[in-house]
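Enquirer: This structure is in structure tokens; I'll ask about it shortly.
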Amino acid sequence: MPRGSRRLGDTGGTRSKWASEMDLHIAGISHRYGDLQVLSDIDLKIPESQIVCIIGPSGCGKSTLLRFIGGLERPERGNVLQIGEAPRGSLNPLTYIFQDFALLPWRTVQDNVSLVLEDHRLGARERSAIVDDVLRRTKLSEFKGAFPRQLSGGMKQRVAIARALAVSPACLLMDEPLSALDSQTRELLLDDLLELWERERFTACYVTHNLAEAVRLGHRIVVLSRRPGRIRDVIEIDIPLAERVRHQAKLQEQQQQLWNLMREEALAADQELTDA
Amino acid sequence: MPEAGSPGGKPVAFRGGGFAPRPVGFVGPIVFVAVILLWEAGSRTGYISAIVLPAPSQAAIAFWELVTSGLLFKHLSASLYRLIIGWTLGMALGLAVGFAAGLFSLARAGLVPLVSALFPIPKIALLPLFIIWFGIGEESKVATILFGTFFPTVISTYGGVDNVDRGLVRMGQSFGMSWWSIVRKIILPGAMPAILSGARISASIAIILLVAAEMIGAEHGVGAYVLMAGNLMATDQLIAGVAILSCLGLTVGWLIGRAEKILLRWRG
């Protein structure tokens, strides 16, 4: 089994096991719920080892788009193409991290992680080795016996991240993963994600409405318009993630530019009646 | 008196608190004992006539006769047998049908109206039919309890399945869990609180129906004992029998409480 050796070989070097040769191509997706057009002609590439942030005013269909990418929902038109193969050891190539964590309240931390491995053909020992490994990598080892209700929001999301890492995804699909957290915890988890990316160079599609998160994490930022969601602009930020802390002014400028793009849309979206 | 630093102020009136009943363990038993003592005193002084209501001590004597004659064991074991078999089968069938209605559109569309139509029928009214279908042996007694517990179990089970957080189900799907795994590891535990509170209700219904079931030519059984006492106007025995049923209910409630403590430990 190549899986075991891949895991144990992780030493935090560049181009680690995450480096698959798998890109995602979102090809001409349009969708409507009943009479309501939510997405229109979305065409987008998520290249390997990059974080693509999708931002847009509320109700623009960003979360819907993410559900299409992971195959949880079917678009009316267009499709999501996987270019290249997921790495051989990947148990679940497209793996979500949810805003509300989606932990089972009746399972402890380690059993929540183990849950997603139980349907795969792994020996009990291999499974617990993976669980221990990801809990160690997310600094959760001492909480493995705790129930979700005993954990803070930030810790719950760390458990969800550990659970996602356990299945060695080729691409992480993150749906506002920090939005349910208070601003200080959000800052801490943002640092964790950056550190994780430096170590593992994962591919991710990161949906958020928080511009600061987008400019800190995104190699590429896709701005969606308000409903029906269209791609308004794609912004590339070429400062390496690790160096962004030192370029606050530049980031601030990028963020301001994004805000200018979005301001009017956000205002209009705010004044719409929601019925979706 | 105005202090230094708070010139001429008055404290803001407290208006919070309340609306949070705390458990006060010793009150329940005290109320029990007080009611029984009052009742006994009423009977002794002749305020409560023995024809209207026998004294608790009379009922205790009747109960003691049951114990010494060895009949208590016979009555209890006959009743427990019917209760356990009827309730277990009713729960099992109810869980199966409840899950089917909770998971499959067709089963829901077909079964839920049927359950709603049959649930309110008093099972006592169907006793003659049960006798025709199942005879006057144990089968018809068990069937009465089975039917009585089946319907509330179906309703609480499919309500519980409905209330499982769909976000968790989606999470399971997004990790490629199989349908069966999702049912077993996400839906079943998620529906467990509702299933257990349904079990509490169906267990009480089973005890209520025990008397009805034992109307069908039962020689032994707590229900049969109560009925017999009623027919003979032996009110002391009647009270003793009713007290046994009440204790049975308390015991079952306590057992389900234990099960909740263990199975729902995660709720804290």
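Enquirer: Among A:Leu189, A:Leu196, A:Leu122, which is away from chain B (no Cβ under 12 Å), in a helix (DSSP H, G or I), at pLDDT below 90 and on the phi < 0 side of the Ramachandran plot?
Expert: Answer to the check: A:Leu196.
Enquirer: Among (1) crowded, with 18+ Cβ neighbours inside 10 Å; (2) in contact with a Phe, Trp or Tyr (Cβ under 8 Å, 6 or more places away or on another chain); (3) part of a helix (DSSP H, G or I); (4) away from every other protein chain (no Cβ under 14 Å), which single condition is B:Ser156 missing?
Expert: (2)
Enquirer: Restricting attention to region B:102-142, report how many residues are assigned to a helix (DSSP H, G or I), closer than 29 Å to B:Pro189 by Cα and without any contact (Cβ under 8 Å) to a residue 24 or more places away in the chain.
Expert: 9
Enquirer: Could you list, in sequence order, all residues of region B:173-188 that are surrounded by fewer than 19 Cβ atoms within 10 Å (Cβ to Cβ) and facing another protein chain (nearest Cβ under 9 Å)?
Expert: Scanning region B:173-188 gives B:Gln173, B:Gly176, B:Ser178, B:Ser181.
Enquirer: Next up: Mind checking which residues of region B:43-70 are without any contact (Cβ under 8 Å) to a residue 12 or more places away in the chain and either touching a Ser or Thr at 6+ places or on another chain (Cβ under 6 Å) or part of a helix (DSSP H, G or I) (or both)?
Expert: Passing the criteria: B:Arg44, B:Trp64, B:Glu65, B:Val67, B:Thr68, B:Ser69.
Enquirer: A follow-up question, please. Name the single residue that is farthest from the other protein chains (Cβ to nearest Cβ) among those in region A:63-108 being of a type in the set (Ser, Thr, Tyr) and surrounded by 20 or more Cβ atoms within 10 Å (Cβ to Cβ).
Expert: The first filter runs over region A:63-108 and keeps only residues of a type in the set (Ser, Thr, Tyr), leaving A:63-64, A:90, A:95-96, A:108.
Next, from what is left, pick out any that are surrounded by 20 or more Cβ atoms within 10 Å (Cβ to Cβ): A:64, A:90, A:95-96.
Working: A:Thr64: 13, A:Ser90: 11, A:Thr95: 7, A:Tyr96: 5 Å.
Across region A:63-108, the extreme among qualifying residues is A:Thr64.
Enquirer: Can you find, within region B:218-262, the residue that is surrounded by the most Cβ atoms within 10 Å (Cβ to Cβ) among those that are charged (D, E, K, R) and modelled with pLDDT of 90 or more?
Expert: For region B:218-262, the residue satisfying everything is B:Asp236.
Enquirer: I'd like to check something: does region A:62-74 contain any residue that is touching a residue at least 24 places away in the same chain (Cβ under 8 Å), small (Gly, Ala, Ser) and in a loop (DSSP other than H, G, I, E, B)?
Expert: yes
Enquirer: Residues to consider are A:Arg127, A:Arg107, A:Arg121, A:Arg67; find the one that is more than 30 Å from A:Pro240 (Cβ to Cβ) and within 19 Å of the chain's Cα centre (by Cα).
Expert: Going through A:Arg127, A:Arg107, A:Arg121, A:Arg67 in turn, just one is more than 30 Å from A:Pro240 (Cβ to Cβ) and within 19 Å of the chain's Cα centre (by Cα): A:Arg67.
Enquirer: Mind counting the residues in region B:189-204 that are within 14 Å of another protein chain (Cβ to nearest Cβ) and among the β-branched types (Val, Ile, Thr)?
Expert: Matching residues across region B:189-204 total 1.
Enquirer: Which of the residues that make up region A:145-180 are surrounded by 24 or more Cβ atoms within 10 Å (Cβ to Cβ) and assigned to a loop (DSSP other than H, G, I, E, B)?
Expert: Scanning region A:145-180 gives A:Ser168, A:Pro169, A:Ala170, A:Pro177, A:Leu178.
The values are calculated or read from the model by the stated rules, or taken from the named source; none is laboratory data. Predicted model, so just to flag it, every value in this text is computed and none were measured. Virtual Cβ from ideal backbone geometry, glycine too; neighbours counted across all protein chains shown.
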